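These notes concern the structure reproduced below.
The values are calculated or read from the model by the stated rules, or taken from the named source; none is laboratory data. Just so it is clear, the structure is predicted and the values come from calculations on it, not from any experiment. Glycine also receives a Cβ, built like all others from the backbone with ideal geometry; neighbour counts cover every protein chain displayed.
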Amino acid sequence: MHFTSERHLDDGVREREFTLGEIPGIVWTPASASASATASAPVPLILLGHPPLGLGRMYPRLVARAKGAAAEGFASATIELPGSGDRPRRPALDQARAELRRVMEAGEPVSDEVVDALVLPLVEEAVPEWRAALDALLSLPEIDGPVGYSGGIISVGIRLAVVEPRIAAAGLFAGSLVPRVMFEEARQVTIPLHVLLQWDDEGNDRQAALNLFDAFGSEEKTLHANMGGHSGVPQHAGDAANRFFTRHLRAAAPSRTP
């Protein structure tokens, strides 16, 4: 991990941009977190997922989420997804996105083949990158877990919840197309889940989202549904997600004695 910039936001949150190989990312730490590695300083971490629109476009939303996490005493971090932002293009992903736009504009049903081509290669590439980023982030003296995963492409969140034991809880956004194979993986998820569903999401199959929620194997899972479209998530929904992480990450945090 190589830090490329650092600044302090107006609420004391420390923001650092970094690169991990060719992968750009950003980490935010609250004012309460100290880099001195004292026993009481390290804070839990939330990984901030996002759609493949590029960190530049997503930054305003990401920094708002990071500030909300910092207010609860959490660090947060994100990385650029494969084929997004300034990362090398993935022609197959671009073709799948173009086909998705075509069928949606034509009012045609989205086939399983389009969904698989759009999502599965991204999951296969992005999840190992998130795990590598997690290795680097947890090596920082001011961050010591436990770890949550929040938002982004729900299939990425499902795979991470299955393969990454350091993730203790996940807040997922039921707003992306899900390959059928991911329903089988969802049955293997056992960590606490908070799933946000926009009831009138124009790009999401509501029944498929409900079926996916039913498939999750977690004993503790909550569906937080709100009226409105994809971009109409109310502020109180974010507050509820923060309370979810406070409840589970604080409970899972190891005790630290001076």
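Kindly indicate the residue of the stretch 12-35 that is over 18 Å from P128 (Cα atoms) and in contact with a helix residue (DSSP H, G or I) (Cβ under 6 Å, 6 or more places away or on another chain) and also modelled with the highest pLDDT among those meeting that condition. Once the filter is applied, the top-ranked residue is W28.
Set side by side, the residues L55, L62, L45 differ, and just one is modelled with pLDDT of 90 or more, touching a strand residue (DSSP E or B) at 6+ places or on another chain (Cβ under 7 Å) and closer than 16 Å to L140 by Cβ, which is L45. The residue that is modelled with the highest pLDDT, among those in the stretch 245-256 that are farther than 12 Å from H194 by Cα and exposed (fewer than 15 other Cβ atoms within 10 Å of the Cβ), is R250. The residues of the stretch 180-209 that are within 25 Å of R61 (Cβ to Cβ) and surrounded by fewer than 18 Cβ atoms within 10 Å (Cβ to Cβ), listed by number, are W199, D200, E202, G203, D205, R206, A208. Comparison of V178, V189 shows that the only residue that is under 18 Å from the mean Cα position of the chain (by Cα) and without any contact (Cβ under 8 Å) to a residue 60 or more places away in the chain is V189.
Touching a His at 6+ places or on another chain (Cβ under 7 Å), of a type in the set (A, V, I, L, M, F, W, C) and over 25 Å from D116 (Cβ atoms) - does that describe any residue in the stretch 167-184? Scanning the stretch 167-184, I find at least one residue that is touching a His at 6+ places or on another chain (Cβ under 7 Å), of a type in the set (A, V, I, L, M, F, W, C) and over 25 Å from D116 (Cβ atoms), so the answer is yes.
Restricted to strands (runs of 3 or more DSSP E) entirely inside the stretch 18-117, those with at least 2 residues that are at negative phi and polar (S, T, N, Q) are 75-79.
Would you confirm whether or not the stretch 153-160 contains a residue that is in contact with a strand residue (DSSP E or B) (Cβ under 6 Å, 6 or more places away or on another chain), part of a strand (DSSP E or B) and within 25 Å of P42 (Cβ to Cβ)? Within the stretch 153-160, not a single residue is in contact with a strand residue (DSSP E or B) (Cβ under 6 Å, 6 or more places away or on another chain), part of a strand (DSSP E or B) and within 25 Å of P42 (Cβ to Cβ).
Quickly run through the stretch 161-175 and pick out the residues that are in contact (Cβ under 8 Å) with a residue 12 or more places away in the chain, outside any strand (DSSP E or B) and over 16 Å from L223 (Cα atoms).
To start, the set of residues in the stretch 161-175 that are in contact (Cβ under 8 Å) with a residue 12 or more places away in the chain comprises 161-164, 166-175.
Filter once more, so that each one left must be outside any strand (DSSP E or B): 161-164, 166, 174-175.
Residues satisfying the conditions are A161, V162, V163, E164, R166.
Among the residues of this structure, R159 counts as one that is within 23 Å of V110 (Cα to Cα), among the charged types (D, E, K, R), modelled with pLDDT of 90 or more and buried (at least 18 other Cβ atoms within 10 Å of the Cβ).
Residues satisfying the criterion are present in the stretch 126-147 (criterion: crowded, with 17+ Cβ neighbours inside 10 Å, modelled with pLDDT of 95 or more, touching a helix residue (DSSP H, G or I) at 6+ places or on another chain (Cβ under 9 Å) and not in a helix (DSSP H, G or I)).
Pairs are defined by a Cβ separation below 9 Å, a sequence spacing of at least 6 or placement on different chains, a first member in the stretch 239-258 that is within 16 Å of L172 (Cβ to Cβ), and a second member that is of a type in the set (S, T, N, Q) and modelled with pLDDT of 85 or more; the pairs so defined are A240/T222; A241/S150; F244/T222; F245/S150. Only one of the numbered conditions (1) crowded, with 16+ Cβ neighbours inside 10 Å; (2) part of a helix (DSSP H, G or I); (3) modelled with pLDDT of 90 or more is violated by N242, and that is (3).
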